[in-house]
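Asks: Before I ask anything, here is the structure I am working with.
The values are calculated or read from the model by the stated rules, or taken from the named source; none is laboratory data. For clarity, every value in this text was computed on a predicted model and none was experimentally measured. Side chains included, ligands, DNA and RNA excluded: accessible areas come from the protein's heavy atoms. Shrake-Rupley method; radii C 1.70, N 1.55, O 1.52, S 1.80 Å.
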Amino acid sequence: MAKYGIEAFKDNKPVAYPIDAKETYGTLSFTGSEVRNKFIYIDDDGEVHEEQNAQNTWKAQDTGQPQDKYIMAYSSKTKDVMDIHVPLHFDVDSLEFDQEIELIGAVVTIGNSEK
């Protein structure tokens with residue numbers, strides 16, 4: 001599943017611009033969460049690398065260590081579920097299915113959306 005919602009990158013750096021989250025997404029309803037673990041990549045000589053090679057041929061190995069956490073939210077405006085990147089310490093257990101959530105803050109980075 002592609003990750004989008006509050007992350008966009010240009011030249012490998014985050015891009016940020018202000019949005020009106022309510023106008024852009026309408027009501028957001030919590031639908032679940034996901035933690036993605038860190039992977040390492042092992043080449044044919046057994047050397048370990050942090051990134052996959054361009055040919056995508058090195059063996060991926062899950063480290064079992066969490067790297068990213070996302071909450072999924074259904075947008076009443078886009079009629080789709082979006083993944084929102086949150087800090088690893090974010091308490092998703094306090095959220096209930098279909099609970100309304102709100103994106104807050106002066107600036108949000110966003111991708112895969114109409115500006």
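Asks: Residue by residue through the range 93-105, note down the ones that are hydrophobic (A, V, I, L, M, F, W, C), open to solvent by 70 Å² or more (accessible area, probe 1.4 Å) and at pLDDT below 90. Don't jump to the end; show me each part of the working.
Replies: Initially, the range 93-105 is screened for residues hydrophobic (A, V, I, L, M, F, W, C), giving 95, 97, 101, 103-104.
After this cut, where a residue has to be open to solvent by 70 Å² or more (accessible area, probe 1.4 Å) as well, the list is 97, 104.
Passing the criteria: only 104.
Asks: Would you check which residues across the range 41-66 are open to solvent by 90 Å² or more (accessible area, probe 1.4 Å), over 27 Å from residue 88 (Cα atoms) and acidic (Asp, Glu) and list them?
Replies: Residues satisfying the conditions are 44, 45, 47.
Asks: Only residues that are at pLDDT 95 or above and among the polar types (S, T, N, Q): list them for the range 68-92, please.
Replies: Hit for the range 68-92 is 76, nothing else.
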